[in-house]
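Below is one structure, written out as structure tokens; comments come after it.
Please treat every number below as a calculation from the coordinates, not as lab data. Computed from a prediction, not measured in an experiment: that's the story for all the values here. We place every Cβ from the backbone using ideal geometry, glycine too, and count neighbours over all the protein chains shown.
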Amino acid sequence: MSTWAVGHYQNRQQRAQFVAANFAPCLSGRVLDVGCGDAFLSAHVECYVGVDLVGEPSVVVDLEQGTLPFADASFDTVVCTDVLEHLESLPQVLTELYRVARRYVIISLPNMYALGWRLRFLRGQVISKEYSLTPRNRHKWLPSFVEASSLVRDKLPPSWHVVWEFGYYPPAWWRAGPIYRRVARRYPNLLATAYWVLCEQRET
């Protein structure tokens, strides 16, 4: 992994700000937001297209169909944050992200193997609402950091490579020091609550 990410988020609007703060150089062209919800990222992007079934998408798309209604390389950057874990068609949609992107793909997935979720499970509690019998928006997958990283890399087309891969760690006083950061980088599967990656297509 590379440098520590800037900022924190607790909701979708703050997550859009997190994307803007950490990936600003990648958001200057035409941007597709896959699973955009209320399109909060549009406030940070000049040329924005959002797709979803709910919220305020520019184009209504059922991602479970496994395809995106756009031509190859029709967007400079494709953003897909905390969406893939909700889809039965996760592998197909992941492949589609690379197909419609010309330069960059930004992805995040939750790490449900993080220590906090493990402790909830050991105490007999529901890991999170998304895995309960009355979910807000049910997760179809239970990804770990390592598994998410492997999946993204396995699906990379030949002309693509990983530029930046990092774990997200929520704010806490005991996470602030350099010792924690060294341990966290070594054991992201245990301590990161989300997996983030920036992929880039090599210039031909």
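Between 0 and 90 degrees, the angle of helix 145-154 with respect to the longest Cα principal axis of the chain falls at about 30 degrees. Comparing Val19, Val163, Val78 in a Gaussian network model of the chain (Cα springs below 10 Å), the most mobile by mean-square fluctuation is Val163. Taking the helices alone, the chain has a mean residue ellipticity at 222 nm of -7500 deg cm²/dmol, built from -39,500 (n - 2.57) per DSSP H run of at least 4 residues and averaged over all its residues. Using a Gaussian network model of the chain in which every pair of alpha carbons under 10 angstrom is joined by a spring, one finds that among Trp174, Trp117, Trp160 the greatest mean-square fluctuation is at Trp174. Two decimals is fine: what is log10 I(q)/I(0) at q = 0.15 Å⁻¹ for the stretch 4-78, from a Debye sum with one equal scatterer on every Cα and no solvent? Result of the Debye calculation: -0.51.
Only the Cβ atoms of Lys and Arg (+1) and of Asp and Glu (-1) were treated as charged; on that basis the dipole of the stretch 24-96 about its Cα centre amounts to roughly 220 debye.
Taken one residue at a time, the phi angles of the stretch 163-170 give Karplus couplings (6.51, -1.76, 1.60, θ = phi - 60°) of 8, 8, 10, 8, x, 9, 10, x Hz. Gly and Pro are set to x.
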